[in-house]
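Each remark here refers to the structure printed beneath this line.
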There are 2 protein chains.
Amino acid sequence: MPIPENHDPFKRSISHVLEIIGEGWSLLIIREAFFGVHRFEEFQSQLGIARNILTARLKKLCETQILERVPIKEGAKRHEYMLTSKGKELMPVLIALTQWGDRWIFGENAEPVIFMDREHNEPIAKIKVRSARGGDLRPREIMVVPGPGSTPESKKRIEEMHRRLESGVDA
Amino acid sequence: MPIPENHDPFKRSISHVLEIIGEGWSLLIIREAFFGVHRFEEFQSQLGIARNILTARLKKLCETQILERVPIKEGAKRHEYMLTSKGKELMPVLIALTQWGDRWIFGENAEPVIFMDREHNEPIAKIKVRSARGGDLRPREIMVVPGPGSTPESKKRIEEMHRRLESGVDA
DNA sequence: AGATAAAAGTTTTATTATAAAACTAAATGT
DNA sequence: ACATTTAGTTTTATAATAAAACTTTTATCT
(Lines give C-alpha, C1' and ligand atoms only; values in the text may rest on other atoms or scores of the structure.)
Protein backbone atom coordinates (compact mmCIF):
# COMPACT_ATOMS: atom_id res chain seq x y z
CA MET A 1 0.00 0.00 0.00
CA PRO A 2 1.76 3.07 -1.26
CA ILE A 3 1.56 5.92 1.20
CA PRO A 4 4.74 7.95 0.79
CA GLU A 5 5.21 9.72 4.10
CA ASN A 6 6.41 12.88 2.42
CA HIS A 7 3.52 14.87 1.12
CA ASP A 8 5.09 16.14 -2.02
CA PRO A 9 2.17 16.97 -4.30
CA PHE A 10 4.15 15.62 -7.18
CA LYS A 11 4.01 12.21 -5.64
CA ARG A 12 0.50 12.60 -4.36
CA SER A 13 -0.80 13.14 -7.85
CA ILE A 14 -0.88 9.46 -8.63
CA SER A 15 -0.16 7.77 -5.36
CA HIS A 16 -3.09 9.42 -3.68
CA VAL A 17 -5.34 8.13 -6.42
CA LEU A 18 -3.88 4.68 -5.95
CA GLU A 19 -4.60 4.79 -2.26
CA ILE A 20 -8.25 5.06 -3.19
CA ILE A 21 -8.61 2.70 -6.11
CA GLY A 22 -5.26 0.94 -6.26
CA GLU A 23 -6.03 -1.77 -3.79
CA GLY A 24 -6.30 -5.07 -5.58
CA TRP A 25 -10.01 -5.57 -5.63
CA SER A 26 -11.22 -1.98 -5.89
CA LEU A 27 -11.10 -1.68 -9.65
CA LEU A 28 -12.69 -5.08 -10.06
CA ILE A 29 -15.54 -4.02 -7.83
CA ILE A 30 -15.92 -0.82 -9.82
CA ARG A 31 -15.96 -2.77 -13.03
CA GLU A 32 -18.66 -5.08 -11.74
CA ALA A 33 -20.67 -2.00 -10.82
CA PHE A 34 -20.34 -0.75 -14.39
CA PHE A 35 -21.68 -4.08 -15.54
CA GLY A 36 -24.79 -3.81 -13.44
CA VAL A 37 -23.75 -5.59 -10.26
CA HIS A 38 -24.91 -3.70 -7.21
CA ARG A 39 -25.51 -6.09 -4.34
CA PHE A 40 -23.13 -7.50 -1.78
CA GLU A 41 -23.83 -11.12 -2.58
CA GLU A 42 -23.42 -10.54 -6.29
CA PHE A 43 -20.08 -8.83 -5.93
CA GLN A 44 -19.00 -11.65 -3.69
CA SER A 45 -20.02 -14.48 -5.97
CA GLN A 46 -18.86 -12.82 -9.18
CA LEU A 47 -15.43 -11.97 -7.83
CA GLY A 48 -14.83 -14.73 -5.33
CA ILE A 49 -13.56 -12.09 -2.92
CA ALA A 50 -13.48 -12.79 0.80
CA ARG A 51 -16.53 -11.25 2.42
CA ASN A 52 -14.69 -9.29 5.08
CA ILE A 53 -12.48 -7.76 2.42
CA LEU A 54 -15.50 -6.96 0.29
CA THR A 55 -17.06 -5.25 3.27
CA ALA A 56 -13.93 -3.17 3.79
CA ARG A 57 -13.62 -2.23 0.13
CA LEU A 58 -17.27 -1.26 -0.27
CA LYS A 59 -16.98 0.83 2.85
CA LYS A 60 -13.95 2.65 1.52
CA LEU A 61 -15.42 3.12 -1.93
CA CYS A 62 -18.48 4.67 -0.29
CA GLU A 63 -16.39 6.89 1.96
CA THR A 64 -14.49 8.15 -1.04
CA GLN A 65 -17.75 8.73 -2.90
CA ILE A 66 -17.07 6.35 -5.73
CA LEU A 67 -19.98 4.20 -4.73
CA GLU A 68 -23.13 5.22 -2.97
CA ARG A 69 -25.34 3.12 -0.71
CA VAL A 70 -28.92 3.50 -1.79
CA PRO A 71 -31.96 1.76 -0.28
CA ILE A 72 -33.12 -1.04 -2.49
CA LYS A 73 -36.53 0.60 -2.61
CA GLU A 74 -38.45 3.32 -0.81
CA GLY A 75 -37.58 3.17 2.87
CA ALA A 76 -36.02 -0.30 2.77
CA LYS A 77 -33.21 -0.97 5.19
CA ARG A 78 -31.38 -3.21 2.75
CA HIS A 79 -29.37 -1.32 0.19
CA GLU A 80 -27.28 -1.59 -2.93
CA TYR A 81 -24.13 0.04 -4.18
CA MET A 82 -24.39 2.40 -7.13
CA LEU A 83 -21.68 4.31 -8.95
CA THR A 84 -21.60 8.04 -8.36
CA SER A 85 -20.51 10.45 -11.11
CA LYS A 86 -17.07 10.34 -9.58
CA GLY A 87 -17.13 6.58 -9.97
CA LYS A 88 -18.53 6.64 -13.47
CA GLU A 89 -15.70 8.86 -14.58
CA LEU A 90 -13.31 6.00 -13.97
CA MET A 91 -14.59 4.45 -17.18
CA PRO A 92 -11.63 5.74 -19.23
CA VAL A 93 -9.21 4.20 -16.75
CA LEU A 94 -10.98 0.86 -16.90
CA ILE A 95 -11.12 0.86 -20.66
CA ALA A 96 -7.52 1.96 -21.04
CA LEU A 97 -6.45 -0.92 -18.81
CA THR A 98 -8.58 -3.37 -20.74
CA GLN A 99 -7.30 -2.22 -24.09
CA TRP A 100 -3.73 -2.48 -22.89
CA GLY A 101 -4.40 -6.02 -21.74
CA ASP A 102 -6.05 -6.88 -25.06
CA ARG A 103 -3.03 -5.69 -26.91
CA TRP A 104 -0.24 -7.01 -24.69
CA ILE A 105 -1.61 -9.97 -22.85
CA PHE A 106 -4.39 -11.56 -24.83
CA GLY A 107 -3.39 -10.39 -28.28
CA GLU A 108 -5.35 -8.41 -30.83
CA ASN A 109 -7.52 -11.29 -31.94
CA ALA A 110 -8.20 -12.88 -28.61
CA GLU A 111 -9.94 -10.20 -26.59
CA PRO A 112 -12.24 -11.74 -24.01
CA VAL A 113 -14.66 -8.83 -24.33
CA ILE A 114 -15.19 -5.97 -26.72
CA PHE A 115 -16.56 -2.59 -25.74
CA MET A 116 -19.13 -1.45 -28.26
CA ASP A 117 -20.60 1.85 -29.24
CA ARG A 118 -24.22 0.99 -28.54
CA GLU A 119 -25.73 3.40 -31.01
CA HIS A 120 -23.63 2.52 -34.03
CA ASN A 121 -23.05 -1.08 -33.06
CA GLU A 122 -19.33 -1.05 -33.62
CA PRO A 123 -16.29 -1.27 -31.36
CA ILE A 124 -15.26 1.91 -29.60
CA ALA A 125 -12.03 3.67 -30.56
CA LYS A 126 -8.73 2.98 -28.86
CA ILE A 127 -8.07 5.34 -26.02
CA LYS A 128 -5.26 7.71 -26.83
CA VAL A 129 -3.36 10.61 -25.41
CA ARG A 130 -4.11 13.63 -27.57
CA SER A 131 -3.02 17.21 -27.87
CA ALA A 132 -5.58 19.98 -27.37
CA ARG A 133 -5.72 20.08 -31.18
CA GLY A 134 -6.69 16.45 -31.33
CA GLY A 135 -3.55 14.78 -32.67
CA ASP A 136 -2.01 11.70 -31.09
CA LEU A 137 0.84 12.26 -28.68
CA ARG A 138 3.63 9.76 -28.16
CA PRO A 139 5.35 9.61 -24.78
CA ARG A 140 8.29 11.73 -25.84
CA GLU A 141 5.99 14.45 -27.13
CA ILE A 142 4.61 14.89 -23.65
CA MET A 143 6.24 16.74 -20.82
CA VAL A 144 5.29 17.65 -17.32
CA VAL A 145 5.18 21.05 -15.66
CA PRO A 146 4.20 22.12 -12.14
CA GLY A 147 0.51 22.87 -11.76
CA PRO A 148 -1.29 25.31 -9.44
CA GLY A 149 -1.11 22.71 -6.68
CA SER A 150 2.65 22.37 -6.84
CA THR A 151 5.15 23.33 -4.14
CA PRO A 152 8.79 24.48 -4.31
CA GLU A 153 9.71 20.90 -3.52
CA SER A 154 7.76 19.45 -6.40
CA LYS A 155 9.07 22.12 -8.76
CA LYS A 156 12.60 21.08 -7.90
CA ARG A 157 11.65 17.48 -8.60
CA ILE A 158 10.29 18.38 -12.01
CA GLU A 159 13.37 20.37 -12.94
CA GLU A 160 15.49 17.41 -11.96
CA MET A 161 13.37 15.27 -14.22
CA HIS A 162 13.85 17.60 -17.15
CA ARG A 163 17.59 17.51 -16.70
CA ARG A 164 17.46 13.77 -16.67
CA LEU A 165 15.38 13.50 -19.80
CA GLU A 166 17.47 16.00 -21.74
CA SER A 167 20.73 14.26 -20.97
CA GLY A 168 19.92 10.77 -22.29
CA VAL A 169 18.57 9.36 -25.51
CA ASP A 170 15.85 8.42 -23.21
CA ALA A 171 12.32 7.17 -22.58
CA MET B 1 -4.18 -9.60 -4.77
CA PRO B 2 -6.92 -10.51 -7.18
CA ILE B 3 -6.45 -13.97 -8.61
CA PRO B 4 -9.90 -15.41 -9.24
CA GLU B 5 -9.43 -19.14 -9.32
CA ASN B 6 -11.93 -19.59 -12.12
CA HIS B 7 -10.35 -18.77 -15.44
CA ASP B 8 -13.30 -17.14 -17.07
CA PRO B 9 -11.84 -14.90 -19.76
CA PHE B 10 -14.41 -12.31 -18.91
CA LYS B 11 -12.89 -11.92 -15.51
CA ARG B 12 -9.35 -12.33 -16.73
CA SER B 13 -9.68 -9.35 -19.00
CA ILE B 14 -9.03 -6.86 -16.26
CA SER B 15 -7.97 -8.97 -13.34
CA HIS B 16 -5.10 -10.46 -15.27
CA VAL B 17 -3.90 -6.98 -16.09
CA LEU B 18 -4.15 -6.06 -12.44
CA GLU B 19 -2.09 -9.04 -11.46
CA ILE B 20 0.70 -7.51 -13.46
CA ILE B 21 0.45 -3.83 -12.72
CA GLY B 22 -2.13 -3.65 -9.97
CA GLU B 23 0.19 -4.22 -7.06
CA GLY B 24 0.52 -1.03 -5.07
CA TRP B 25 3.92 0.14 -6.17
CA SER B 26 3.99 -1.10 -9.74
CA LEU B 27 2.31 1.87 -11.36
CA LEU B 28 4.39 4.26 -9.30
CA ILE B 29 7.53 2.56 -10.49
CA ILE B 30 6.30 2.77 -14.06
CA ARG B 31 5.53 6.43 -13.62
CA GLU B 32 9.02 7.11 -12.33
CA ALA B 33 10.38 5.31 -15.35
CA PHE B 34 8.38 7.64 -17.60
CA PHE B 35 9.94 10.53 -15.77
CA GLY B 36 13.45 9.39 -16.46
CA VAL B 37 14.23 7.32 -13.38
CA HIS B 38 15.99 4.11 -14.31
CA ARG B 39 18.26 2.98 -11.49
CA PHE B 40 17.51 0.96 -8.42
CA GLU B 41 18.72 3.57 -5.97
CA GLU B 42 16.77 6.30 -7.66
CA PHE B 43 13.52 4.38 -7.62
CA GLN B 44 14.15 3.63 -3.99
CA SER B 45 14.86 7.16 -2.89
CA GLN B 46 12.14 8.77 -4.99
CA LEU B 47 9.44 6.42 -3.82
CA GLY B 48 10.58 5.53 -0.34
CA ILE B 49 9.75 1.92 -1.14
CA ALA B 50 11.31 -0.90 0.87
CA ARG B 51 14.25 -2.32 -1.03
CA ASN B 52 13.18 -5.94 -0.93
CA ILE B 53 9.79 -4.95 -2.32
CA LEU B 54 11.43 -2.85 -5.00
CA THR B 55 13.58 -5.83 -5.94
CA ALA B 56 10.48 -8.01 -6.24
CA ARG B 57 8.53 -5.47 -8.27
CA LEU B 58 11.36 -4.74 -10.69
CA LYS B 59 11.83 -8.44 -11.16
CA LYS B 60 8.18 -8.93 -11.96
CA LEU B 61 8.00 -5.91 -14.24
CA CYS B 62 10.96 -7.32 -16.15
CA GLU B 63 9.46 -10.78 -16.34
CA THR B 64 6.28 -9.32 -17.75
CA GLN B 65 8.29 -7.26 -20.24
CA ILE B 66 7.15 -3.90 -19.03
CA LEU B 67 10.66 -2.99 -18.02
CA GLU B 68 13.87 -4.22 -19.51
CA ARG B 69 17.26 -4.58 -17.82
CA VAL B 70 19.88 -2.98 -20.00
CA PRO B 71 23.60 -2.65 -19.27
CA ILE B 72 24.46 0.84 -18.13
CA LYS B 73 26.96 1.03 -20.95
CA GLU B 74 28.70 -1.26 -23.41
CA GLY B 75 29.51 -4.51 -21.68
CA ALA B 76 28.93 -3.22 -18.15
CA LYS B 77 27.58 -5.66 -15.64
CA ARG B 78 25.55 -3.03 -13.83
CA HIS B 79 22.27 -2.24 -15.45
CA GLU B 80 19.26 0.03 -15.47
CA TYR B 81 15.56 -0.45 -16.01
CA MET B 82 14.04 0.96 -19.18
CA LEU B 83 10.46 0.91 -20.35
CA THR B 84 9.70 -1.41 -23.23
CA SER B 85 7.05 -0.51 -25.83
CA LYS B 86 4.65 -2.58 -23.80
CA GLY B 87 5.48 -0.42 -20.82
CA LYS B 88 5.30 2.83 -22.71
CA GLU B 89 1.82 2.02 -23.86
CA LEU B 90 0.65 2.31 -20.29
CA MET B 91 0.90 6.07 -20.68
CA PRO B 92 -2.86 6.46 -21.34
CA VAL B 93 -3.63 4.53 -18.16
CA LEU B 94 -1.31 6.70 -16.13
CA ILE B 95 -2.69 9.89 -17.57
CA ALA B 96 -6.30 8.80 -17.21
CA LEU B 97 -5.64 8.07 -13.55
CA THR B 98 -3.94 11.40 -13.04
CA GLN B 99 -6.69 13.34 -14.73
CA TRP B 100 -9.30 11.60 -12.66
CA GLY B 101 -7.40 12.51 -9.51
CA ASP B 102 -7.05 16.11 -10.67
CA ARG B 103 -10.74 16.36 -11.18
CA TRP B 104 -12.01 14.45 -8.14
CA ILE B 105 -9.34 14.69 -5.51
CA PHE B 106 -7.27 17.79 -6.02
CA GLY B 107 -9.82 19.87 -7.88
CA GLU B 108 -9.59 21.54 -11.25
CA ASN B 109 -7.39 24.38 -10.12
CA ALA B 110 -5.08 22.53 -7.82
CA GLU B 111 -3.39 19.96 -10.01
CA PRO B 112 0.05 19.08 -8.67
CA VAL B 113 1.34 18.54 -12.18
CA ILE B 114 0.17 19.28 -15.69
CA PHE B 115 0.93 17.14 -18.71
CA MET B 116 1.92 19.33 -21.61
CA ASP B 117 2.02 18.92 -25.33
CA ARG B 118 5.71 19.63 -25.78
CA GLU B 119 5.47 20.91 -29.32
CA HIS B 120 2.63 23.36 -28.86
CA ASN B 121 3.38 24.15 -25.25
CA GLU B 122 -0.14 23.71 -24.00
CA PRO B 123 -1.88 21.16 -21.77
CA ILE B 124 -2.87 17.90 -23.40
CA ALA B 125 -6.53 17.06 -23.94
CA LYS B 126 -8.61 15.17 -21.44
CA ILE B 127 -8.62 11.47 -22.11
CA LYS B 128 -12.02 10.32 -23.27
CA VAL B 129 -13.84 7.26 -24.43
CA ARG B 130 -14.79 7.80 -28.05
CA SER B 131 -16.74 6.05 -30.73
CA ALA B 132 -14.96 4.91 -33.88
CA ARG B 133 -16.37 8.10 -35.43
CA GLY B 134 -14.68 10.23 -32.81
CA GLY B 135 -17.58 11.39 -30.67
CA ASP B 136 -17.56 11.16 -26.88
CA LEU B 137 -19.26 8.17 -25.34
CA ARG B 138 -20.94 8.27 -21.95
CA PRO B 139 -21.06 5.07 -19.90
CA ARG B 140 -24.61 4.21 -20.91
CA GLU B 141 -23.75 4.55 -24.57
CA ILE B 142 -21.26 1.75 -24.21
CA MET B 143 -21.99 -1.92 -24.07
CA VAL B 144 -19.98 -5.07 -23.92
CA VAL B 145 -20.04 -8.09 -26.20
CA PRO B 146 -18.03 -11.31 -26.19
CA GLY B 147 -14.79 -11.09 -28.14
CA PRO B 148 -12.87 -13.79 -30.04
CA GLY B 149 -11.29 -14.88 -26.76
CA SER B 150 -14.58 -15.52 -25.04
CA THR B 151 -15.93 -18.86 -23.89
CA PRO B 152 -19.49 -20.17 -23.50
CA GLU B 153 -19.14 -19.33 -19.83
CA SER B 154 -18.23 -15.73 -20.42
CA LYS B 155 -20.96 -15.36 -23.02
CA LYS B 156 -23.47 -16.45 -20.46
CA ARG B 157 -22.06 -13.90 -18.05
CA ILE B 158 -22.45 -11.13 -20.59
CA GLU B 159 -26.02 -12.07 -21.40
CA GLU B 160 -26.77 -11.99 -17.72
CA MET B 161 -25.30 -8.54 -17.57
CA HIS B 162 -27.45 -7.33 -20.45
CA ARG B 163 -30.55 -8.59 -18.72
CA ARG B 164 -29.52 -6.76 -15.61
CA LEU B 165 -28.90 -3.49 -17.37
CA GLU B 166 -32.12 -3.60 -19.37
CA SER B 167 -34.29 -4.25 -16.37
CA GLY B 168 -33.31 -1.28 -14.21
CA VAL B 169 -33.10 2.46 -14.77
CA ASP B 170 -29.52 1.70 -14.20
CA ALA B 171 -25.89 2.72 -14.26
C1' DA C 1 -48.83 -16.00 10.23
C1' DG C 2 -45.02 -18.85 10.79
C1' DA C 3 -41.32 -21.50 8.82
C1' DT C 4 -37.50 -21.46 5.65
C1' DA C 5 -34.23 -19.57 3.29
C1' DA C 6 -31.45 -15.85 1.53
C1' DA C 7 -28.86 -11.45 2.07
C1' DA C 8 -25.59 -8.72 4.17
C1' DG C 9 -22.60 -8.61 6.91
C1' DT C 10 -19.10 -9.96 11.58
C1' DT C 11 -15.77 -12.57 13.93
C1' DT C 12 -12.09 -15.59 14.36
C1' DT C 13 -8.03 -17.77 12.99
C1' DA C 14 -4.50 -18.85 9.60
C1' DT C 15 -1.71 -17.39 5.88
C1' DT C 16 0.72 -14.20 3.17
C1' DA C 17 2.52 -9.74 1.89
C1' DT C 18 4.83 -5.61 3.19
C1' DA C 19 7.98 -2.65 5.80
C1' DA C 20 12.31 -1.38 8.20
C1' DA C 21 16.74 -1.99 9.05
C1' DA C 22 21.00 -4.12 8.98
C1' DC C 23 24.07 -6.66 6.15
C1' DT C 24 26.93 -8.12 1.79
C1' DA C 25 29.23 -8.37 -2.57
C1' DA C 26 30.42 -6.36 -6.62
C1' DA C 27 31.60 -2.34 -9.53
C1' DT C 28 33.24 2.25 -10.06
C1' DG C 29 35.59 6.69 -9.42
C1' DT C 30 39.95 8.78 -7.74
C1' DA D 1 44.54 0.10 -4.52
C1' DC D 2 41.08 1.90 -1.66
C1' DA D 3 36.92 4.11 -0.25
C1' DT D 4 32.42 4.67 -1.82
C1' DT D 5 28.37 3.82 -4.32
C1' DT D 6 25.24 0.67 -6.16
C1' DA D 7 22.34 -3.00 -6.12
C1' DG D 8 20.83 -5.86 -4.05
C1' DT D 9 19.92 -9.96 0.23
C1' DT D 10 18.50 -11.46 4.79
C1' DT D 11 16.17 -11.12 8.92
C1' DT D 12 12.59 -9.86 11.87
C1' DA D 13 8.42 -7.34 12.89
C1' DT D 14 4.02 -5.69 11.46
C1' DA D 15 -0.03 -5.39 8.74
C1' DA D 16 -3.17 -7.00 5.09
C1' DT D 17 -5.74 -10.74 3.08
C1' DA D 18 -8.13 -15.11 2.81
C1' DA D 19 -11.25 -18.85 4.40
C1' DA D 20 -14.66 -20.39 6.99
C1' DA D 21 -17.96 -20.35 10.48
C1' DC D 22 -21.28 -17.50 12.76
C1' DT D 23 -25.09 -13.74 13.40
C1' DT D 24 -28.83 -10.97 12.26
C1' DT D 25 -32.11 -8.97 9.61
C1' DT D 26 -35.14 -9.18 5.58
C1' DA D 27 -37.79 -11.77 1.94
C1' DT D 28 -40.42 -15.66 0.27
C1' DC D 29 -43.51 -19.50 0.34
C1' DT D 30 -47.47 -22.08 1.84
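The values are calculated or read from the model by the stated rules, or taken from the named source; none is laboratory data. Only a predicted model underlies this, so the values are computations on that prediction, with no experimental measurement involved. Using ideal geometry, Cβ is built from the backbone for each residue, glycine included, and neighbour counts are taken over all protein chains shown.
At a glance:
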{"item": "Residues located in the stretch B:95-128, provided they are more than 7 Å from chain A (Cβ to nearest Cβ) and crowded, with 17+ Cβ neighbours inside 10 Å", "result": "B:Q99, B:D102"}
{"item": "Subset of the stretch B:34-69 (residues that are within 9 Å of chain A (Cβ to nearest Cβ) and within 10 Å of DNA strand C (Cβ to nearest atom))", "result": "B:L47, B:G48, B:I49"}
{"item": "Residue that is in a helix (DSSP H, G or I), within 7 Å of chain B (Cβ to nearest Cβ) and at pLDDT below 85, where the choices are A:R12, A:R31", "result": "A:R12"}
{"item": "Hits in the stretch A:129-171 - residues which are assigned to a loop (DSSP other than H, G, I, E, B), over 20 Å from B:H120 (Cα atoms) and more than 7 Å from every other protein chain (Cβ to nearest Cβ)", "result": "A:T151, A:G168, A:V169"}
{"item": "Search result, residues across the stretch B:64-91 that are within 18 Å of B:H16 (Cα to Cα) and assigned to a helix (DSSP H, G or I)", "result": "B:K86, B:G87"}
{"item": "Any hit, the stretch B:25-36, residues being surrounded by 21 or more Cβ atoms within 10 Å (Cβ to Cβ), more than 22 Å from A:I127 (Cα to Cα) and within 11 Å of DNA strand D (Cβ to nearest atom)", "result": "no"}
{"item": "Filter pass, B:A56 being closer than 19 Å to A:G22 by Cα, in a helix (DSSP H, G or I) and within 12 Å of DNA strand D (Cβ to nearest atom)", "result": "yes"}
{"item": "Single match in B:E23, B:E41 (criterion: closer than 18 Å to A:L18 by Cβ and of a type in the set (D, E))", "result": "B:E23"}
{"item": "Cβ-Cβ under 6 Å pairs, at least 6 apart or on other chains, the stretch B:70-86 side under 20 Å from A:R164 (Cα atoms) and at the interface with chain A (Cβ under 10 Å from one of its Cβ atoms), far side more than 9 Å from DNA strand D (Cβ to nearest atom) and assigned to a strand (DSSP E or B)", "result": "B:M82/B:E68; B:M82/B:V70; B:T84/B:E68"}
{"item": "Some residue of the stretch A:59-68 being within 16 Å of DNA strand D (Cβ to nearest atom) and in contact with a helix residue (DSSP H, G or I) (Cβ under 6 Å, 6 or more places away or on another chain)", "result": "yes"}
